[in-house]
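This report refers to the structure that appears directly beneath it.
Every number in this text was worked out from the coordinates using simple rules, so none of it is lab data. These numbers come from a predicted model, not from an experiment. Here the Cβ positions follow ideal geometry from the backbone for every residue, glycine too, while neighbour counts run over all protein chains shown.
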Amino acid sequence: MKILIFLIVFFSLTSSYSQNIFGAWEVYRFKPGEISAITDKEAKAYVGRKIFLESNYVKAFGDTCKHALYNARKAKANEFLYYNYRTSARTLGITSENVDVIEVHCGKVRKIPEHAFLLTEEKDLIISKDGYFFWLKKIH
């Protein structure tokens, strides 16, 4: 099952971005996208699950990458979300016009699909999996 996770950062990306994303995160909320592969009941089962992001390591929903590479780029929020998810920034409560997208690749050892994560102004992480959006709070 392919996991796509996109990180959108609502502030200028600097070398200190790692202080904002690296650590442990816990799912606390979810919302279906336009098309989903799971039910609300299945999505609710993700609440309380954790993901871990480190400079060269990612563990998310049972997948592990020990050779993570991060890539950052700027994008217009609505264009990015519509092109990738057929949704709008407003639907997700995103008020910024432009965002930084941080993608996570697993290097040459591909034991985990590519990931990306969204970091909101409220310091929540938003990820997309199976057509649902999940909000996470940093716990460590």
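Just to verify a number: FRET efficiency for residue 45 and residue 88, C-beta to C-beta distance, R0 = 25 Å, to 0.05?
0.40
List the residues whose amide H sits under 5 Å from the amide H of residue 129, counting only those 5 or more places along or on another chain, with H placed 1.01 Å from N in the peptide plane.
Hits under the 5 Å cutoff: 134.
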